[in-house]
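Structure first, commentary second.
The values are calculated or read from the model by the stated rules, or taken from the named source; none is laboratory data. Only a predicted model underlies this, so the values are computations on that prediction, with no experimental measurement involved. Backbone-built Cβ (ideal geometry, glycine too); neighbour counts: all protein chains shown.
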Amino acid sequence: MFRLICLSLSLAVTASVTFAQDGETIKSEEQLFVAKHGTPRIDGNIDEVWKQAQRVDVNKVIDRLLTIDKDVVATAKVRVLWDTDHVYALWQVKDPQLSSKSRDPWDQDSVEFFIDENRKRSKFYQYDDAQYRVSFEGKISGQGVGFDESNVKAVARKTRSGYVVEMSMKIQGNKLKSGRKLGVELQVNDDSGTGRRGAVVKWNHAQDDSWNDTSNFGTVLLEI
Ligand code: BGC
Ligand code: CA
């Protein structure tokens, strides 16, 4: 079996080095991070259990959608945990101006978690693929073949520099275990008060494609 492991799993890897594990290859432009095992309480408070999780930056601007000053664009630091049936995300969003003026939920200040459970990286959404969105006011929305609002719970809380979102997403397929990889993308939508989305940042792929195409998601590796 071809197995070349050339990364320290405790660090985020911008996989400019291509590596293979169990015959799988990770695309050279794809990022990977580690999610730790743990079950947080979804209440908007940052429990101790989050501290062990790696923090990743969601700060790649989608140039085509940018209409505000780059320096004031909302960004986030995100941690991910997992247990047998759930994936959890904690978002600490820096956003100086909060707005929910727009009717369209993706134009409001919000975060989006995209998941490709079977990691088939399809160019369209399969039964296991979903987009989950939570606004700074805690409103849940989303879409995709795998989207089911009853699978997501979230609490949002404003902070001095923006807002925090804590969310839990129930897994639909096989139970999760250490060593499994999931396709994931992370996005922050930013309305600076005009009622229109002025900026969008992402974790892995800086294009507005994740809502209908899973092929450019990054990878999350589940670890104990
Ligand atoms: C995209 C929007 C899209 C929406 C659909 C967002 O992630 O940025 O362009 O219309 O998802 O839910
Ligand atoms: Ca899929």
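V111 meets the conditions (1) touching a helix residue (DSSP H, G or I) at 6+ places or on another chain (Cβ under 8 Å); (2) buried (at least 24 other Cβ atoms within 10 Å of the Cβ) in every case but one. The failed one is (1).
Considering region 160-193, and only residues there that are of a type in the set (S, T, Y) and at pLDDT 95 or above, the residue that is farthest from I140 (Cα to Cα) turns out to be S178.
Being in a strand (DSSP E or B) and within 15 Å of ligand 2 (Cβ to nearest atom) is the filter; apply it to region 127-141 and report the residue that is surrounded by the fewest Cβ atoms within 10 Å (Cβ to Cβ). The extreme case among them is Q131. Every test in (1) more than 17 Å from D208 (Cβ to Cβ); (2) surrounded by fewer than 16 Cβ atoms within 10 Å (Cβ to Cβ); (3) not small (G, A, S) is passed by R79 save one, and that test is (2). The sole residue among V164, V152 that is under 15 Å from V93 (Cβ atoms), surrounded by 14 or more Cβ atoms within 10 Å (Cβ to Cβ) and of a type in the set (V, I, T) is V164. Would you check if there is a residue in region 147-159 being over 18 Å from D208 (Cβ atoms), among the β-branched types (V, I, T), within 16 Å of ligand 2 (Cβ to nearest atom) and over 17 Å from the mean Cα position of the chain (by Cα)? No, region 147-159 contains no residue that is over 18 Å from D208 (Cβ atoms), among the β-branched types (V, I, T), within 16 Å of ligand 2 (Cβ to nearest atom) and over 17 Å from the mean Cα position of the chain (by Cα).
Considering L176, L221, L186, L182, the condition of being surrounded by 15 or more Cβ atoms within 10 Å (Cβ to Cβ) and part of a loop (DSSP other than H, G, I, E, B) is satisfied by L176 alone.
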